[in-house]
Amino acid sequence: MRPVPGWALLSSGCAPVVLIAGWTIAALLEGPAYDPATQTISVLAAYGAAGYWVMTAALAALGVCHMITALGLRPAALPGRVALGTGGAAALLVALVPPPSSGGSLRHGSVAAVGFALLAVWPVLASDRRGTVPWGLRPVPSLTATALMVVGAAWFMIEMHHDGAAGAAERLVTAIQSVWPFVVVASCLRRPREAEGPSG
């Protein structure tokens, strides 16, 4: 099995950190008028928002992290790596096409939807049925991760439709999507050490 380079662990570990730090700092800059439970991350990245530059930089960094991780995740099946890398490119594009300060944006929404979809399906596409693969690339964990992301996305859509806790739902699903690559990479790095067995 092809090894995963250490820089893939670094990039995958940075993804959730930059995303969560980005929306936290941007929300603080926005002030008490911003409600993270009901308002989306896109509000923070909109033109004219106080934390626009922070959220934009965080989304761009998230996209780059996913693309780097996909490049280094050699034990994963190629379709999954392509989906992860393309999902990262979509996150980068989301940063480049922010929504307007008021109203919606078809371009922003479309790119965000494509990114959501790619980052939701990549675990299943990257999985391998062979029993020798790392835990994070086995079918059951991969399918579970994708199912959680799909359920989270469905919750987000429901909350958006009913003007409910869309911000909380979006943060949950994007947090899962940003953490899962790290889980997979960590399982790949752990496996060779397990295979060596105890020394001595």
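Using the alpha carbon gyration tensor of region 79-127, what are the three equivalent-ellipsoid semi-axes (square root of 5 times each eigenvalue), largest first, in whole Å?
Those come to 25, 9, 5 Å.
Counting only helical runs of four or more DSSP H residues, what would the 222 nm mean residue ellipticity of the chain come to if each run contributes -39,500 (n - 2.57) and the total is spread over all its residues?
-25000 deg cm²/dmol
Between helix 166-196 and the chain, what is the angle of the helix's C-alpha long axis to the longest principal axis, kept within 0 to 90° and rounded to the nearest 10?
Orientation of helix 166-196: about 20 degrees from the principal axis.
Taking the Cα centre of the chain as the origin and placing charges on Cβ (Lys, Arg +1; Asp, Glu -1), which of PRO134, ALA120, THR56 is farthest toward the positive end of the dipole?
Of PRO134, ALA120, THR56, it is PRO134.
Compute the helix-to-body angle for 6-30: its Cα long axis versus the longest principal axis of the chain, expressed 0 to 90° and rounded to tens.
For 6-30 against the chain, the angle is about 20 degrees.
Ratio of Rg to Rh for region 92-183, alpha carbon only, Kirkwood?
The Rg/Rh ratio comes out at 1.05.
Considering only protein heavy atoms and a probe of 1.4 Å, how much of the accessible area of region 50-200 is carbon and sulfur, as a whole percent?
71 percent
So for each of 67-75, 151-159 I average, over its residues, the number of other beta carbons within 10 Å; can you give me the resulting order with the highest mean first?
Ranking the peptides 67-75, 151-159 by packing returns 67-75, 151-159.
How big is the dipole moment of the chain about its Cα centre under a simple scheme where the beta carbon of each Lys and Arg is +1, that of each Asp and Glu is -1, and everything else is neutral? Debye, nearest 20, please.
With only Lys, Arg, Asp and Glu charged at Cβ, the dipole is about 860 debye.
Mind pulling the angle between the C-alpha long axis of helix 78-96 and the longest principal axis of the chain? Nearest 10 degrees, somewhere in 0 to 90.
Between the helix axis and the principal axis of the chain, the angle is about 20 degrees.
Regarding the chain, what's the average projected area of the Cα-atom convex hull, expressed in nm²?
Average projection, Cα convex hull of the chain: 11.5 nm².
So how far, in whole Å, is the C-alpha centre of region 33-50 from the one of region 56-134?
Spelled out, the Cα-based centre of one part sits 21 Å from the other.
Could you compute the longest span of the chain free of trypsin sites (Lys or Arg not before Pro) located in DSSP loops and having at most 14 other Cβ atoms within 10 Å, not counting the site residues?
1-128
The values are calculated or read from the model by the stated rules, or taken from the named source; none is laboratory data. Quick caveat: nothing in here was measured; it's all calculated off a predicted structure. Ideal geometry is used to build each Cβ from the backbone, glycine not excepted, and the neighbour counts take in all protein chains shown. Please note that ligands, DNA and RNA were not included when accessible areas were found on the heavy atoms of the full protein model with its side chains. Shrake-Rupley method; radii C 1.70, N 1.55, O 1.52, S 1.80 Å.
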